[in-house]
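The values are calculated or read from the model by the stated rules, or taken from the named source; none is laboratory data. Model, not experiment: these values are computed from the prediction. Ideal geometry is used to build each Cβ from the backbone, glycine not excepted, and the neighbour counts take in all protein chains shown. To get the accessible areas, we keep the full protein, side chains included, count just its heavy atoms, and leave off ligands, DNA and RNA. Shrake-Rupley method; radii C 1.70, N 1.55, O 1.52, S 1.80 Å.
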Amino acid sequence: MLRRLYEGLILKFPIFVLSILFIIIAALAYQSAKLEVDASAETLLLEDDKDLQFMREVSARYPSSLDMLIISFAPKNDLLAPETLRSIDEISAKLKKVERVDSVMSVLDVPLLENGSSAIKELINDITTMRSSYVNLQKAREEFLSSPIYSENFVSKDLKTTAIIVMLKPDAKYATLLEKRNQARAQADSSKTQEDKESLESAIEEFKNYRNEFRIKEQKTVDDIRDILKEHKNDGELFLGGVNMIAVDMIRFIKSDLVYFGAALFALLVLTLWIIFRQIRYIVLPLLICALSIVSTAGILGFFGWEVTVISSNFVALQLILTISIVLHLIVRYRELASKYPKVAQKELVSLTVLSKANPSFFAVFTTIIGFLSLMLSSIKPVINFGWMMASGITMSLIIAFAVLPAILVLLPKKPLYTKFEKEFALSRFCANIVDKHGFFIMGAAVCMIIFTLVGVQKIRVENSFINYFKPSTQIYQGMKNIDQNLGGTTPMDVIVSFNTQKTESGDEDDFEAEFAADKNDPKYWFTPKVTNAAFRVHDYFESNEFVGKVQSLATLLKIGGRLNGGRELDNFELALIYEKLPENYKNMILSPYINIENNELRFTMRLIDSDPNLKRNELIQKANEDLKEIITPDIGTYRLSGAMVLYNNMLQSLFESQILTLGAVAFVFLIIFIPLFGSLKASLIAIFSNLIPMGVVFGFMGFAGIPLDMMTITVAAISIGMGVDNTIHYIHRFKEELRLSGGDYAKAMYASHNSIGYAMYYTTVSTALGFGVLVFSNFIPTIYFGILTVAVMIMVFFGAIILLPRALLIFKPFS
């Protein structure tokens, strides 16, 4: 049937076939304009994560810190010097003029609680700030250095760095559309009705449209603030940080990577193809097919609304690499046949080429698709979409390569071949000699690799350090590092403690609970010893942890109150007075973010020292959950950890479980495919282990080198096992053919296979390595690691396919 398709249509009417293909691709190119980039924090979260829903509920009850930017300022002069304060005032005034800025808070604006009267009532009525004419600078300096509110929060320990907090105006429409989309998604997931699915699609479309407008405003806000900071660069070091800034810069990084990776890879491919083939047709054809494949895939992504995220930002490079691999196998086979049968007509040569490569190429692509589709076992939507993106992309590459290449080749006249490269750089012949003469050494090396892998993989850790995701030269890294080390950490985590109503031994509510039930919103009945003791114990527990930076809670205010009262803690009436009488702007800073009387709960906010190389995030969360059981006992209430730290850890642990633990299932599926393909269970097992052994070495190396698995590198396993078996399929397919031609002589079949398919394997591996090598120029460190590790895996599986695999075939002789 395949022969009839080619000889009756593609090779008979090549111009017609090309015209139809180009019309279809042009239509897809139109759809590619709808391709969008999404670098929001949502792309790294589990959609069905219960902790995500809880965090949204918590955010609704407390002032949000999401719409906030932080500027760290290390002035050249003393922090409290007049010229420094003047600079801070000028920066603040300019920041307030930026369209989206709601308010600005600096050392000039915070309440100096220890600078005036120590009487709580007088203090509330007359709060001193650095702007007050009667401020005592020495007392202010001492308060900034020692206050639990300001030290390592607004100022560094050495008083050389300060924070300027920029609060952004909340966008009501954005929040409304986001909530509408989330509710529609929850409803569609629970009901599964067509009507709810359509409502969800409508809500997503409406949200995306407004989100694109919102991002333009967000980008302008970040750029305007950076322009202001540039104007004051002579006053000291200024770094911008915050979730909004990271999202803006990440979108720029992704767009930059898409363009520059594609361009750099195209240039490298031109150079590589010229060195190997030295003929224009074998350079133009692969690049044309690569371009058509990328445009087609981009059109499919735009049509289905699959957005490019941090996870899928390298899809262009991957698409190019996968496409060039298919095309090179076809070109090498065509050149081999043209050299072997110089008198055969061009049409027959092209027909023989595609028919002989159709079977192994299809199964090679099929196994690669399975590798990518294993990403669908993840619960993270962008990871799932990435699997779909690459599966559809490589399918398009296969179709376009097997249609365009033969259709164009049949129109071209035959030309003498340039074979100097094959003769002078005969790596495959060198490998064949090793296979034939050093079998004991090869199998010994394989055993050593297995031991190395088994020991190394046990040392692999799963971590998610955001600061180390970026190069030190980037503004994201510089800003986050400065804030992390000088201003109390970066990665946020919350603890919510909910108090319950307790019963006395007689079965009645205790005195406090009876009063609280009568008027639970009256502050003087809420600030009881039970509440304050819990606040102190939880606060001190996290403050004593070396990996936790700044901790803020009700206990922070209680400690300050104790200092003001000469060591005596604030009583419930004094706390109630502060709660009721403190001006709203100060209350929102030191009290409201940490208590919710209506819900009978405390909130503890903290930031982790993300740059600490010894921080083990999952262990910290697990230990905190265990230790808090001793502090918040059932008779007191319940507790729950929340925040970005918890969500991102959930994402990474879920990704680890879904990807690493499914490798065995993927390998088993490959085994089922290989048995009918190779016609031998023994050959199928050899094929699997010839890939897993060299691939495992790379992961063993990661364990010994201390390279953590993160959201990018964790996908290397699924991608590599899918791509790695390609060479194995092509080699065994060719080996069986050569074995038949040699009359069952395994050594002859091995040499013949190396001297034919070996070149295609070598060329594709070089192209793949160069392609993934381009990723090292990314600003995103996980992408760099992804590139390096994938290059290492592809080189290792190449040598596994050209040395270990044929040696195993010679030893076990799986074919009759």
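The table below gives the values:
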read-out	value
Local net charge near K217, Cβ-Cβ under 9 Å (Lys/Arg +1, Asp/Glu -1)	-1
Gain on full stretching of the segment that runs from N212 to E7 - 0.36 nm per residue minus C-alpha separation	68.9 nm
Dipole magnitude of the chain about its Cα centre (Cβ charges: Lys, Arg +1; Asp, Glu -1), debye to nearest 20	5380
Entries in K76/K157; K157/K233; K559/K587; K96/K230 that, when Cα-Cα distance is taken, lie over 19 Å	K157/K233
Rg in Å to one decimal, and Dmax rounded to a whole Å, for segment 746-816 via C-alpha atoms	15.8, 53
Sparsely packed trypsin sites (Lys or Arg not before Pro) within segment 66-119, loop by DSSP, other Cβ within 10 Å at most 14	K76, K97
Computed over segment 259-328: relative contact order in percent, which uses C-alpha pairs under 8 Å that are six or more apart	45
Linear extension gain, R131 paired with K220, 0.36 nm per residue minus alpha-carbon span	29.0 nm
Cα-Cα over 26 Å, subset of K34/K255; K192/K217; K340/K682; K208/K481; K173/K581; K340/K420	K192/K217; K340/K682; K208/K481; K173/K581
Estimated distance in nm for a label pair at I23 and F812, the labels positioned 7 Å out from Cα along Cα-to-Cβ	5.1
Top positive-direction residue, dipole computed over segment 129-264 with Cβ charges, set T193, L229, V243	L229
Projected-area average for segment 702-807 over all orientations - Cα convex hull basis, square nanometres	7.0
Trypsin sites (Lys or Arg not before Pro) within segment 419-502: DSSP coil, no more than 16 neighbouring Cβ in 10 Å	K459, R461
Over the chain, volume per residue of the alpha carbon convex hull, in Å³	195
Kirkwood-based Rg to Rh ratio, segment 426-488, C-alpha trace	1.39
Fully extended contour minus Cα-Cα distance, from K169 to A747, at 0.36 nm per residue	200.6 nm
Estimated FRET transfer efficiency (E580, K530; beta-carbon r; R0 22 Å; 0.05)	0.60
FRET efficiency, 1/(1 + (r/R0)^6) with R0 45 Å, evaluated for S544 and S473 via beta carbons	0.80
Whichever lysines have a C-alpha closer than 17 Å to that of K629, once near sequence neighbours (fewer than 8 apart) are set aside	K530
Two-decimal ratio, segment 574-698, of alpha-carbon radius of gyration to 2.2 N^0.38 Å	1.89
Average accessible area per residue (Å²) across the chain - probe 1.4 Å, nucleic acids and ligands excluded	42
Percent carbon-and-sulfur accessible area, the chain, ignoring ligands, DNA and RNA, probe 1.4 Å	59
Calculated FRET value between A81 and Y260, using beta carbons and R₀ = 51 Å, to 0.05	0.70
Cross-link partners of K415 among aspartates and glutamates (Cα-Cα below 12 Å; sequence separation of 8 or more within a chain)	none
Label-point gap, in nm, between K437 and V457 - each point 7 angstrom along Cα→Cβ	3.5
Top positive-direction residue, dipole computed over the chain with Cβ charges, set L52, S428, N565	S428
Diffusion coefficient, µm² s⁻¹, Stokes-Einstein with Kirkwood Rh over alpha-carbon pairs of segment 150-225 at 25 °C and 0.890 mPa s	159
Value at 222 nm in deg cm²/dmol, rounded to 500, when DSSP H runs of n ≥ 4 in the chain each add -39,500 (n - 2.57)	-21000 deg cm²/dmol
